[in-house]
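Written out below as structure tokens is the structure these notes cover.
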Amino acid sequence: GLRQLLEHGFFHADPHPGNLFALPDGRMGYIDFGMMDQLDQDTKETIVSCVVYLINQDYQELAQAFVKLGFLAPNTDIQPIIPALEAVLGQAIGESVGDFNFKTITDQFSELMYDYPFRVPAKFSLIIRSLVTQEGLALSLDPNFKIVEVSYPYVAQRLLTGETPQMRRRLIEVLFKDGKFQWERLENMIAIARSDHNFDLLPTAQLGLQYLLSEEGQFLRRELLLALTEDDQFHTAEIQSLWNLVKEDLPPGRLFNVALNALSTISSDGIGSILPKAPAVSSK
């Protein structure tokens, strides 16, 4: 269901048990395609951002995303809505991200609609119905099912791999707040992505390095250098913590190959633009 929504953007809007078959290889088979809908790329990426804002408890950004998605009118004053979102959604999430329950969220969110000018766009009524139905089916099979344990690793992977320029910009928005690099967010995203045993960090590291060394990654290179030296410290503790997290997946030999593969995709002019310029030598 998540791949339908966030990757393909073409989803089954009526996935009740009569329309689903469990296939022998563990996949789900869908039938009855009379109720389908489609999402554009920008909407998919905004939904990905919403999950991140919710997990990071960034309710101001979440409120702005609701405006973009059409849940709030463009001229809505979001300032009084932000604490209401924090009160309702924070309570629904609970002390642990694993306590997140989509049906609880929708029930709590419906209470906000009586006090604030929220509206549910027609497209999202289908999405909400689809997600609530699938979560209910999963809970009937496994009472310990947690939708965030499935969704957030997938969202983290989408952000870390950054298939589109827009998605890479979303990643930068997540990693930087008020001009400061959020070390803990990056560490959390990598840890959560790695919780999916099918996730391979190696191609993700290669894609990240390719982007970092590209012309498009110039802004990120500059900001990372500033982050490494902000407050007159080199953040060695944060770097060591990140390395401890990934070193099993990126031993020196594999890391060297990642660097070579990333460099092989960049032209000599591109490499020259990355290297520091040598000082001019006077002829005198």
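Do you know which residues across the stretch 238-262 are modelled with pLDDT of 65 or more, hydrophobic (A, V, I, L, M, F, W, C) and in contact with a helix residue (DSSP H, G or I) (Cβ under 9 Å, 6 or more places away or on another chain)?
Filtering the stretch 238-262 for residues modelled with pLDDT of 65 or more gives 238-261.
Okay, now just the ones that are also hydrophobic (A, V, I, L, M, F, W, C), so 239, 242-243, 245-246, 250, 255-256, 258-260.
Answer for the stretch 238-262, where residues must be modelled with pLDDT of 65 or more, hydrophobic (A, V, I, L, M, F, W, C) and in contact with a helix residue (DSSP H, G or I) (Cβ under 9 Å, 6 or more places away or on another chain): Ile239, Leu242, Leu245, Val246, Leu250, Leu255, Val258, Ala259.
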- [ ] Would you please name the residue that is modelled with the lowest pLDDT, looking only at residues in the stretch 166-206 that are β-branched (Val, Ile, Thr) and over 17 Å from Lys247 (Cβ atoms)?
- [x] Ile192
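Within the stretch 109-130, work out how many residues are over 26 Å from the mean Cα position of the chain (by Cα) and over 15 Å from Ile82 (Cα atoms).
Taking the stretch 109-130 first, the residues over 26 Å from the mean Cα position of the chain (by Cα) are 111, 113-117.
Checking which are over 15 Å from Ile82 (Cα atoms) leaves us with 114.
Residues meeting the conditions: 1.
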Task: Hey, Tyr114 among the aromatic types (Phe, Trp, Tyr), assigned to a helix (DSSP H, G or I), in contact with a helix residue (DSSP H, G or I) (Cβ under 7 Å, 6 or more places away or on another chain) and modelled with pLDDT of 80 or more or not - done: no
TODO: Filter the stretch 26-50 for residues that are polar (S, T, N, Q) and assigned to a helix (DSSP H, G or I) and give the result.
DONE: Gln41, Thr43, Thr46, Ser49
TODO: Considering only residues that are over 17 Å from Asp42 (Cβ atoms) and of a type in the set (Gly, Ala, Ser), look in the stretch 59-91 and name the one that is surrounded by the most Cβ atoms within 10 Å (Cβ to Cβ).
DONE: Ala63
Open item on the list: Regarding the stretch 1-8, can at least one residue be identified that is of a type in the set (Gly, Ala, Ser) and part of a loop (DSSP other than H, G, I, E, B)?
Closed with: yes
Task: Pair list, Cβ < 7 Å and 6+ apart or interchain, from the stretch 117-144 residues that are within 25 Å of Asp40 (Cα to Cα) to residues that are charged (D, E, K, R) - done: Lys123/Asp37; Leu126/Asp37; Val132/Lys103; Glu135/Lys103
Open item on the list: If Gly18 meets every condition in (1) more than 15 Å from Glu173 (Cβ to Cβ); (2) touching a Leu at 6+ places or on another chain (Cβ under 8 Å) apart from one, which number is that one?
Closed with: (2)
TODO: Kindly provide the set of residues from the stretch 51-71 that are modelled with pLDDT of 85 or more and part of a helix (DSSP H, G or I), ordered by number.
DONE: Tyr59, Gln60, Glu61, Leu62, Ala63, Gln64, Ala65, Phe66, Val67, Lys68, Leu69
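The values are calculated or read from the model by the stated rules, or taken from the named source; none is laboratory data. Quick caveat, the model's predicted, so the values are computed rather than measured. Positions of Cβ are backbone-derived with ideal geometry, glycine not excepted, and every protein chain shown enters the neighbour counts.
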